[in-house]
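Q: This is the structure I want to talk about, given as C-alpha cells.
The values are calculated or read from the model by the stated rules, or taken from the named source; none is laboratory data. Keep in mind it's a predicted model, so treat the numbers as computed, not measured. Here the Cβ positions follow ideal geometry from the backbone for every residue, glycine too, while neighbour counts run over all protein chains shown. Calculation scope for accessible area: heavy atoms of the full protein, side chains included, ligands and nucleic acids excluded. Shrake-Rupley method; radii C 1.70, N 1.55, O 1.52, S 1.80 Å.
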Amino acid sequence: MQEYPNRTHDADLPRSNETGCDGLNVHDNERPEGEAGERTEEEYAQTQLTLRAIVSTKEAGVIIGKAGKNVADLREETGVKAGVSKVVPNVHDRVLSVTGTLDGVSRAYGMVAQTLLDSPPSTMGGVNPPSGTHPIRLLISHNQMGTIIGRQGLKIKHIQDVSGVRMVAQKDMLPQSTERIVEVTGSPEGIRAAVWEIGKCLIDDYQRGTGTVLYNPTRNLGSNGGDSRGNSERNRSYARTGNGADFSEGPPRGFRERTSPSAAAGDESMQTQNISIPADMVGCIIGKAGAKISEIRKSSGAKISIAKAPHDETGERMFTIMGTAESNEKALYLLYENLEAEKVRRSQAQE
C-alpha cells in the first residue's frame, strides 16, 4: 500500500492516453479536448458519473438496511442510483455502485460513511480507524490514478488538505482487473468533500478511463464456488469493462463513445487506445521471439504495435491497440493478465 500524507510520486503508475470514455460515464457538459478545466463548480456538480467502492458483506448489510430502507433513503435524498452486487457464497467482498450527478454521488458517499458510523459492522480484527471516521475503499482505474495523485503528489495532498481525510492508494491492480483501491478515511463530511474532489479529477480525465476492466469479486469463482483459474480460455469473461455501470452488458443510457480522428475518418467501429507499460515488463508481454504478443494479437483480433523507445522520463513504452471495441477490450485483458502473471512469478522467485 502507498500512503500519501504529504507527497507522492506517480512514476510507478502505468498511464494511458486513450480514446473513448469507458470507466467514467460523463453524460452532460462534454467539452472539446483541452477545455475540461473551464468547467464551473455548478457544471461539475451536474455532470454524471459512476463511482464504485468495495464493501464487506457486513458493511453491505448496513448500507442496504432493514428491508432496504437505508439505500432507499440514500437514493431519495441524493437522487442517485445506488446498489450493491449480490451475495455470493465464499466471497467476502461486494461492490457498491453509485451513479448520478457529482453532487449526488459525493453526498451519497458521505451518507454511506455516516450510516456505517451510526451502525458500525462488527470487525474481524485489524486496525480500527480513528473515532468519528470510517474508511471508504473506492475503485479507481489505474490509468486515472496519476490524475488523482498529481505531479509530485500535489493533487492528492490538495484533496487531503481541503477535506481533512487520509488517503492510501493500493499499489497493485486488483485480480483480473485494471482497477486499484484508494482508501479514504475521514468524517462523513470529509468523505463527501474528498469524493467531490476525486470526481472532478475523474471528469477532467475521463478519456484515460477507457478500456478499464472492472473488478468483479466473483470472477475467480467457478459455478461450484471454487477457483476456476484452471478453466479453459472459453470460460474467461472479457465483457466487464468500465462503461459506467456495475458488471453491465452494454453502455448505459446517454453514453457517447468517442473515437480517434483516424477511426472517425474511416471505419467507425475501429478504435485506437494507447497504454504505457513499465520498461521491465515489456519483455514478458512480447515473449520469446514475439510469441506472447503474437498470441494476444491472434486471440483478440486487435492490431498491437509497440514503441521502440520510451515515451518519457519514466522509461515506459507505449503500446498502441487498434481494433473494434470488443477486440481492444480482449487485448487489454490479455495484456494485463500477462502483467499480473509476471508479477506473481517474480514475487514467488523472491521468496
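Q: If I ask for residues that are in contact (Cβ under 8 Å) with a residue 60 or more places away in the chain and polar (S, T, N, Q), which ones from the stretch 178-202 would you list?
A: Hits for the stretch 178-202 are Thr178, Ser187.
Q: Any chance the stretch 300-312 includes a residue that's assigned to a loop (DSSP other than H, G, I, E, B), farther than 30 Å from Gln152 by Cα and either touching a Leu at 6+ places or on another chain (Cβ under 6 Å) or of a type in the set (Val, Ile, Thr) (or both)?
A: No, the conditions are met nowhere in the stretch 300-312.
Q: Which ones in the stretch 116-140 are in contact with an Asp or Glu (Cβ under 9 Å, 6 or more places away or on another chain) and modelled with pLDDT of 90 or more?
A: Passing the criteria: Leu116, Pro135, Ile136, Arg137, Leu138, Leu139, Ile140.
Q: Among all residue pairs at least 6 apart or on different chains, which show Cβ distances below 9 Å where the first residue, located in the stretch 144-155, is without any contact (Cβ under 8 Å) to a residue 60 or more places away in the chain and more than 19 Å from Ser276 (Cα to Cα) and the second is hydroxyl-bearing (Ser, Thr, Tyr) and open to solvent by 10 Å² or more (accessible area, probe 1.4 Å)?
A: Once the first residue is without any contact (Cβ under 8 Å) to a residue 60 or more places away in the chain and more than 19 Å from Ser276 (Cα to Cα) and sits in the stretch 144-155, its partners that are hydroxyl-bearing (Ser, Thr, Tyr) and open to solvent by 10 Å² or more (accessible area, probe 1.4 Å) give Lys155/Thr147.
Q: Can you work out which of the residues in the stretch 73-94 that are part of a helix (DSSP H, G or I) and not acidic (Asp, Glu) is most open to solvent (accessible area, probe 1.4 Å)?
A: Arg75
Q: Ok, one more. Output the residues belonging to the stretch 38-72 that are open to solvent by less than 50 Å² (accessible area, probe 1.4 Å) and of a type in the set (S, T, N, Q).
A: Thr47, Gln48, Thr50, Ser56 - these are the residues of the stretch 38-72 that are open to solvent by less than 50 Å² (accessible area, probe 1.4 Å) and of a type in the set (S, T, N, Q).
Q: Could you go through the stretch 167-182 and let me know if any residue there is open to solvent by 40 Å² or more (accessible area, probe 1.4 Å), assigned by the TED database to the domain that holds Ser85, farther than 22 Å from Glu326 by Cα and modelled with pLDDT of 90 or more.
A: no
Q: Which one is modelled with the lowest pLDDT among residues in the stretch 314-328 that are closer than 14 Å to Asn143 by Cβ and open to solvent by less than 40 Å² (accessible area, probe 1.4 Å)?
A: Glu316
Q: Looking only at the stretch 152-162, how many residues end up being of a type outside the set (Asp, Glu) and open to solvent by 20 Å² or more (accessible area, probe 1.4 Å)?
A: Total meeting the criteria: 6.
Q: Within the stretch 190-205, track down each residue that is among the small types (Gly, Ala, Ser) and under 14 Å from Gly100 (Cα atoms).
A: Across the stretch 190-205, the qualifying residue is only Gly199.
Q: So in the stretch 271-305, with the set limited to residues that are exposed (fewer than 15 other Cβ atoms within 10 Å of the Cβ) and charged (D, E, K, R), which one is nearest to Arg208 (Cα to Cα)?
A: The selected residue is Asp280.
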